[in-house]
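Everything on this sheet refers to the single structure shown next.
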């Protein structure tokens, strides 16, 4: 019985070991036969902290892992000493196949600024590959003289590299500064400023500034009085009224002007008829003038031939006029003569 129990225990252990080995083999075979979407990049800096199996992230989201880290001279015949990093990216995670070299979608994304760079994970020194869209003009692709085996995604300098390069550039600029000359220029400037301050009459400048401020205050006060003056308000009101009156005049003048513009064609036609009549009258003037001259000549001949008769007639008219005047005078003096005739003759008996 005891031997049979040991047999069962041994069989159980062997079965568990076989099952474990089978699971490991199954998982390994699954990863082996699984198709990978490989891409590669080249980095011109230290990749300390990056290992095979390190994650590849896009804005914090894991999209793949690093498959190989080596130098470019190992894989390609080149003298460039870049670090070659190949990584596997999940298929269609970006909506386009990253691992397909024949697809042009990746080239369009690279033109938009799709880049990868080395990033540090916390303060432990562990690094990973970070993918993101950057400025393509400031993050140009490295120069290569070979044909990549897998789709090539250009790399950008890491933030640590950018920071160190900026610090080095600042230090180089500081080293290039001519400190003695700069110090001498500063001392000369301070001496000139001191001399200027000593020679300037600060007290007089202060009095002038105070006087200027007083004048500005007086001007502002006068402006305030002028703005709030009733005359200005009445002037503005009169201006508004005048503008309204002018507007009414323009509105009232629109109708007469319109009527005048309407009557202009008719007036122009009347003027044209009048001009035609004047032309006709002007054409008849020479004939009328000749007839008038003939009439004057006939009248002149008549006066010359009948001059004596005309003179006698005029003398007769003159005498008749004198008699009528004398009769009128007598009538005023002796009105009775008109009714009863002349007075009786003088009497000889009494001598009167």
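The values are calculated or read from the model by the stated rules, or taken from the named source; none is laboratory data. All figures in this text were calculated on a predicted structure; none of them were measured in a lab. Positions of Cβ are backbone-derived with ideal geometry, glycine not excepted, and every protein chain shown enters the neighbour counts.
Residues checked against (1) modelled with pLDDT under 90; (2) not assigned by TED's automatic domain parsing to the domain that holds residue 150:
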{"residue": "2", "(1), (2)": "yes, yes"}
{"residue": "9", "(1), (2)": "yes, yes"}
{"residue": "25", "(1), (2)": "yes, yes"}
{"residue": "73", "(1), (2)": "no, no"}
{"residue": "88", "(1), (2)": "no, no"}
{"residue": "101", "(1), (2)": "yes, no"}
{"residue": "104", "(1), (2)": "yes, no"}
When you go through 230, 180, 265 one by one, which is the residue that is at pLDDT 70 or above and more than 42 Å from the chain's Cα centre (by Cα)? 180
Exactly one of 157, 136 is within 46 Å of the chain's Cα centre (by Cα), part of a loop (DSSP other than H, G, I, E, B) and under 24 Å from residue 62 (Cβ atoms), and that residue is 157
